[in-house]
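The values are calculated or read from the model by the stated rules, or taken from the named source; none is laboratory data. This is a predicted model, so every value here is computed, not measured. Don't worry about glycine lacking a Cβ; one is built from the backbone with ideal geometry, like all the others, and counts go over all protein chains shown.
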């Protein structure tokens with residue numbers, strides 16, 4: 001008799017229906033495990049797509065020069081700076097040097113900037129904002145920066161340290177409501193700045209809310225706000241991506257000369273192309289998804305152990321039934337098949353419900369994240385569904401085998417005497 005014969009499946013269903021509560025608890029363990037794998041992988045892939053799409057907004061032909069702790073790799077440098085290390089060697093003069101069209105004819109635009117946070121106020125209202133201190137060329141780098149009112153500051157205003165500011169849409173709404181902010185003054189660090197422009201709604205990119213940002217002339221911000229003379233980064237737009245390798249080599253040589261660096265391993269800067277940034281994002285998000293997926297898979301293992309425990313209880317409770325069936329001619333193989341089938345049915349049922357539940361939860365997460373302004377994609381991994389369902393079925397067979405084998409080996413006479 002095949003393990004999946006109609007008779008065997010019918011007997012297994014009768015056995016499972018005999019105690020619905022116990023069966024439901026067994027199924028629940030598998031449901032949680034399968035759903036967790038699907039949700040975690042879905043969130044990981046959605047995050048990856050979101051980040052890559054948002055990075056691509058800046059254009060595929062962009063490169064950036066970022067400060068780096070000398071002698072360290074990029075990852076260690078980022079960790080050091082997150083812990084408070086400040087690198088002050090990148091100056092605006094470096095940006096000006098890279099603007100040399102005779103030396104770098106393949107560079108379309110260059111802009112340097114620094115950033116920070118401050119409280120901005122208008123009359124009795126206040127809002128914490130992130131400021132970008134940059135030059136008049138910044139809109140050529142950030143193609144998404146468009147004006148809904150007014151204009152961006154000019155080179156003359158930046159060089160002359162004009163006290164002007166361009167604000168995000170949320171800042172404008174918070175301070176001025178339906179009124180036009182153009183010409184009005186807000187205070188940043190208790191200094192009056194004239195509003196000359198409002199940026200169109202942009203939403204959020206990762207953790208950055210562009211609509212709550214303000215843009216200041218670089219020299220003005222360095223003198224009056226941050227009290228520094230260095231940059232954290234400058235970005236360049238290439239004519240095309242064919243010049244990435246040449247640009248990286250030639251700009252590296254220039255900055256080393258300007259920073260008196262003779263050993264490339266002691267570079268205090270890192271040049272990265274958009275492709276490299278996307279590769280880093282893909283690597284990090286894939287690793288995070290894998291680790292979280294493995295953690296979720298542990299719950300499948302726990303669910304499998306739960307099936308084994310439940311099946312052992314079932315064997316103990318149905319010892320007399322097993323003895324009666326064997327005394328009436330049932331073979332060991334018949335008993336074995338019945339209990340293995342019960343375990344498989346629990347796993348398959350849990351897997352199906354888990355898939356549905358995982359997809360529903362992933363959709364709810366997508367809707368919830370979109371409500372906060374993120375363009376979060378709804379992604380369901382077919383691979384995650386197949387792997388989690390197959391794993392659930394596998395654990396059902398593996399962990400159901402031992403109790404089934406134990407039931408099959410029961411002595412019919414001793415089983416009939418069991419109380």
Qualifying residues in segment 388-419 (those that are modelled with pLDDT of 70 or more and out of contact with any helix residue (DSSP H, G or I) (no Cβ under 7 Å at 6 or more places or on another chain)) - the one surrounded by the most Cβ atoms within 10 Å (Cβ to Cβ): 394
Top-ranked residue in segment 183-217 [being in a helix (DSSP H, G or I) and touching a helix residue (DSSP H, G or I) at 6+ places or on another chain (Cβ under 6 Å); ranked as farthest from residue 130 (Cα to Cα)]: 211
Qualifying position, being assigned by TED's automatic domain parsing to the domain that holds residue 39 and modelled with pLDDT under 65, among 359, 344, 322: 322
So residue 168, is it touching a residue at least 24 places away in the same chain (Cβ under 8 Å), at positive phi and within 37 Å of the chain's Cα centre (by Cα): no
All positions within segment 45-98 that are part of a loop (DSSP other than H, G, I, E, B), crowded, with 18+ Cβ neighbours inside 10 Å and modelled with pLDDT under 65: 58
Flag if residue 134 is at pLDDT 90 or above and either more than 34 Å from the chain's Cα centre (by Cα) or farther than 22 Å from residue 237 by Cβ (or both): no
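Condition check ((1) closer than 12 Å to residue 216 by Cβ; (2) assigned to a strand (DSSP E or B)) across all residues:
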site	(1), (2)
112	no, yes
126	no, yes
153	yes, no
157	yes, no
181	no, no
Total residues in segment 201-227, condition more than 30 Å from residue 44 (Cα to Cα) and either in contact with a strand residue (DSSP E or B) (Cβ under 7 Å, 6 or more places away or on another chain) or crowded, with 17+ Cβ neighbours inside 10 Å (or both): 12
Residue 103 being without any contact (Cβ under 8 Å) to a residue 12 or more places away in the chain, assigned by TED's automatic domain parsing to the domain that holds residue 252 and under 30 Å from residue 250 (Cβ atoms): no
